[in-house]
Amino acid sequence: MSASFSRRDLLRTTTGALALGSAAGWHASAQADEKRREKLVEPDFKVKHGRIRQSVMGWCFNPLPAVELAKHCREIGIVGIEGIGADHYPAVRKLGLKISLVGSHGFAKGPFNRDNHEFCLAKLRTGIDLAVENECENVITFTGMREQGISDEQGAKNCLDLWKQVIGYAEEKKVNLCLEHLNSRDGSHPMKGHPGYFGDDVDFCVDLIKQVDSPRMKLLFDIYHVQIMNGDVIRRLRQYKDVISHIHTAGNPGRCELDDKQEINYPAVMQAIIDIDFRGFVAQEFIPTWPDKIEALRHAAKVCDV
Ligand SMILES: O=C(O)C(=O)CO
């Protein structure tokens, strides 16, 4: 047997063994994950306490049609839905769900740049009208991204100018504008984080909200984003209770299920939300990784039903 032949032979054998080994490793970890999930889920769970008014963010469950998602929500006891096309509002409302939040201009093209003001204003006004029509109290707004050539000071002023232009209309219609704080740290996935987002410090967002000086200018407290950027979630919930009008969830890291692989103690956070007498919606906004996305939603509903 030549030396080169035996080397090739050895290489083939080793590669084969490694491939087999890693396939076996993957299989073992998939099995372990399945066992973990089996322990976590309660297949027939339905919301019992309802002290947290739970909602769900539709985009996380794409491509599941909104009405299908709404039917699962109704069955689980989740009472609100958001992040779905407005054309689905009548059908999901007919199923008994509330629209918990109406969209507007999105996080990328925001008031940080004055060139976006006309666009944002139109989207916010349309959002407010849609909210009134659908008995929803909240319309989302964002700061938008930092941009070269616009200082933070100027960007903050631009945001305030835009919100001050529209807040009178929100007051008249009795709708809240909720500013969402987002994390700018996770750049691994377009929806796990938003590098470059201006409003990435929740304390600063609250400062902006206070400068608008209206009872209708509020904060969307996204527990996942706050955990990443500022932390100290329960203390901040208490500190900002008067300006919070909507809440989002997700496990960190990874914007995943609210399971035992992530770091936020959701039952304690939910208890804190009850303790501050928060009456709005807490929407599940995690990106499911479990094979059965509805099982993941049911599990999250259980974790939050304290
Ligand atoms: O990333 C989020 O939480 C958003 O809502 C962006 O739309």
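The values are calculated or read from the model by the stated rules, or taken from the named source; none is laboratory data. If you're wondering where the values come from, they're calculated on a predicted model, not measured in any experiment. With ideal geometry, Cβ positions are generated from the backbone for all residues, glycine too; neighbour counts draw on all protein chains shown. Keep in mind that these areas ignore ligands, DNA and RNA; they rest on the heavy atoms of the full protein, side chains included. Shrake-Rupley method; radii C 1.70, N 1.55, O 1.52, S 1.80 Å.
Key figures
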read-out	value
Rg(Cα) / (2.2 N^0.38 Å) computed for the stretch 36-172, rounded to two decimals	1.28
Spatial separation of Cα centroids for the stretch 198-212 and the stretch 169-189, in angstrom	10 Å
Arg74-Ser188 pseudo-label distance in nm [points 7 Å out on the Cα-to-Cβ vector]	3.7 nm
Cα centroid separation, the stretch 242-306 to the stretch 111-160 (Å)	26 Å
Most mobile listed residue (Ala272, Ala23, Ala91) in the chain, GNM with C-alpha springs under 10 Å	Ala23
Cα-Cα separations in the chain greater than 28 Å, expressed as whole percent	43 percent
Solvent-free Debye scattering, log10 I(q)/I(0), computed from the Cα coordinates of the stretch 122-249 at q = 0.14, 0.15, 0.19 Å⁻¹	-0.61, -0.70, -1.09
Environment charge at Glu118 (Cβ cut-off 14 Å; Lys +1, Arg +1, Asp -1, Glu -1)	+2
Where Phe119, Phe198 fall by accessible area, highest first, once all protein chains stay in place (1.4 Å)	Phe119, Phe198
Rounded to 5, the percent of DSSP beta bridges in the chain classed as antiparallel	5 percent
Residue with peak Gaussian network fluctuation, the chain [Cα springs, cutoff 10 Å], from His27, His49, His225	His27
Theoretical ellipticity at 222 nm over the chain - DSSP helices of four or more residues, -39500 (n - 2.57) apiece, nearest 500	-15000 deg cm²/dmol
Amide H partners (placed H, <5 Å) of Ile244, local residues excluded	Leu219
Note, ³J(HN,Hα) from phi for the stretch 27-41, Karplus 6.51, -1.76, 1.60, rounded to Hz, x at Gly and Pro	4, 5, 6, 5, 5, 5, 4, 5, 4, 4, 4, 4, 5, 7, 8
Helix axis angle, 293-304 relative to the chain longest principal axis, alpha carbon, degrees	60 degrees
Integer Hz, Karplus 6.51/-1.76/1.60 couplings in order for the stretch 120-127, x for Gly and Pro	5, 4, 4, 5, 5, 5, 4, x
Choice from Leu160, Leu258, Leu179 showing the highest fluctuation, given a GNM over the chain with Cα pairs closer than 10 Å	Leu160
Pairwise Cα inverse-distance average, inverted: Kirkwood Rh of the stretch 158-199 (Å)	12.2 Å
